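A short write-up of the structure that comes next.
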Amino acid sequence: MTSHSTISNQHARNAHILPVSAYVDDSSPPPALSFVGGFVTAIRRFINMLVSAFMGLLQGHEPGLATRESNPITQVELLQIQRPQQPSNNLTMLPVEILTEVMTHLEWRDVLRVREVCKVLQETSMTRRIWENLLRELVSRSQIRTKLECPIELYSSKELERLALQWTTANIGWTSGEPLRFRQHKMSDDDVLNFQLVEGGRWLLVVNQAGRVSYYDVDEEEITEKTLIPEQLGPQLEPLDETSTLMDVDMDVDARFLAFNLGLCFRRTDVSLLQVWRVRLEVDSHGRGTGLKAEILASFPRDHRLLVYSFSMLGEYVAFSVARGGGSHLYIVVIDWAQAHSHCERREDAKLLYPTQLIYPVNNPGRIRLLPGRRLIMIYRHCVRLYDLSAQANRRNLSLHHMHALYEWYAHVGDLHLRSLSKSFHHTESGTIRLIARSWNTIYGIIIPSIEADARDPENSLQVVTLMNYEAGVGDFYPSLGYNHAMVFRPFYVVSLNYSWPDDPEFKPPTTSIRHSTYRVRSMNDCGMDERSGREVFSNGKEIIVFIRKTTHSL
């Protein structure tokens, strides 16, 4: 196929083209061509935009047009377009630059429809700037902070198109009531302990009984296992040894390429460890991601008698809720992981005596999350509490009996699900931090003021809003909560819950859709999803099943 950059006017005359007049003059019958429904409307819209852009160029200004990257139109070219030697109504007689400029103002559906017209417009529709503009627009529309794994200038036209269509297909898929098409990949591992789908939906991390962390590139047609972190615990000493591993990912939003800190909390009868690893994207000579690599930042022991129930990592701190050997009362441990690692390197004889901050809640909390500004949020059965840890940073042992909560909110209807607290989302416009929680039949949005907000101002208090009510079902015990979508597992099918926040400029009423699959997931102990890519992961402890939506490249 000839590149769009070499398309000439002579080539356009010889190409199979559609006359402009057939779509501008409604009195003349349209040509008998078998295009998809809505194609004629899309072409009329395309022509109207083209005429507006073209007239703006002829008049010496460009209303609403993006800045050109290269090959500016010369005055000679403009005169030739303004006064053609022969009357012509062929769309493809226009310079490729003009066609490209106009296509940057089309929606993605219209770009795909225009692609069906002829070879010239097909090649023009693959121009890199068209898809870069579309992707930038998708990022700008997002209410939460969105980051690509590579700088956008390193993506090819094909990669930008794939990414833009992946995002739009996922957004349609969450709310569509029609049966969804999936590529399903079943990855067997007989001792899966935990997994994490990294933001963006491409990289899946899985940890096993021996403390080995593997990763999978979900973008590949044939998904294969690769080792990220070798075994950290070694073989089990006893067959009945109970091993548990919790993990958390702290994304580095300032890194040029994908990078994050991975926190691991291991516990087994003979050993208990806390580790922090730096994980980076491996790139080739063209700056494209080919894999992941990890290097250890911190590793130190913890008391193996303590059972860990919830684990969170952010910046230089880790926090987890624990109970001692079968005890029923939980307390919170907060550790500066770099300081603890340094202490253990210096004090071989007292490795467990590194500085910690112990917090004793009044009641047993469920999931906890560290937040920016050294804040900690806890979810209880009937309330949500937010605490400021910075004021007590120099105290090793601290009881919440004597610590005043910055904000708290009590649920008036139903019990909150103790495992249902989502990861935190940064709302770009307001600067607030947002999380999602769930009761038996309600999805709640938690809005936390920015660090700079004045806590004395009542308008800057913690807010909890109802995002949607839905009909609960048996088996709704493993929800995966996202900013605008939630995934609730029920035997043999999955329920998608779709909601908007009150300040969302594109507010949509909440909806519920039930999605079946040819692969019947009968039981599970955890699930996860990535909203942006639409990918979903299920695990029952013996296997991991990844569902990947097929990207739409045609209409």
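What the table below lists for this structure:
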item	result
Strands (runs of 3 or more DSSP E) wholly inside region 240-287 that include at least 2 residues being surrounded by fewer than 16 Cβ atoms within 10 Å (Cβ to Cβ) and under 26 Å from the mean Cα position of the chain (by Cα)	271-283
Of the criteria (1) modelled with pLDDT of 75 or more; (2) touching a helix residue (DSSP H, G or I) at 6+ places or on another chain (Cβ under 9 Å); (3) part of a loop (DSSP other than H, G, I, E, B), which one Ser496 fails	(3)
Subset of region 432-448 [open to solvent by 10 Å² or more (accessible area, probe 1.4 Å) and farther than 20 Å from Val488 by Cβ]	Thr432, Ile433, Ile447
Residue within region 226-242 that is charged (D, E, K, R), within 27 Å of Ser424 (Cβ to Cβ) and modelled with pLDDT under 95 present	no
Boolean, Met529 is at pLDDT 75 or above and either open to solvent by less than 20 Å² (accessible area, probe 1.4 Å) or more than 23 Å from the chain's Cα centre (by Cα) (or both)	no
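One line per residue, one yes/no per condition, for (1) in a loop (DSSP other than H, G, I, E, B); (2) closer than 30 Å to Trp501 by Cβ; (3) in contact (Cβ under 8 Å) with a residue 40 or more places away in the chain:
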| position | (1), (2), (3) |
| --- | --- |
| Glu97 | no, no, no |
| Leu106 | yes, yes, yes |
| Val111 | no, yes, no |
| Val117 | yes, no, yes |
| Met126 | yes, no, yes |
| Glu132 | no, yes, no |
| Arg136 | no, yes, no |
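Conditions (1) modelled with pLDDT of 80 or more; (2) open to solvent by less than 60 Å² (accessible area, probe 1.4 Å), marked per residue:
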{"residue": "Leu78", "(1), (2)": "no, yes"}
{"residue": "Gln122", "(1), (2)": "yes, yes"}
{"residue": "Arg128", "(1), (2)": "yes, no"}
{"residue": "Leu135", "(1), (2)": "yes, yes"}
{"residue": "Gln143", "(1), (2)": "yes, yes"}
{"residue": "Ser156", "(1), (2)": "yes, yes"}
{"residue": "Arg162", "(1), (2)": "yes, no"}
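The values are calculated or read from the model by the stated rules, or taken from the named source; none is laboratory data. Quick caveat, the model's predicted, so the values are computed rather than measured. A quick note on method: Cβ atoms are made from the backbone with ideal geometry, for glycine too, and the neighbour counts reach across all protein chains shown. Quick note on the areas: whole protein, heavy atoms, side chains included, nothing else; ligands and nucleic acids left out. Shrake-Rupley method; radii C 1.70, N 1.55, O 1.52, S 1.80 Å.
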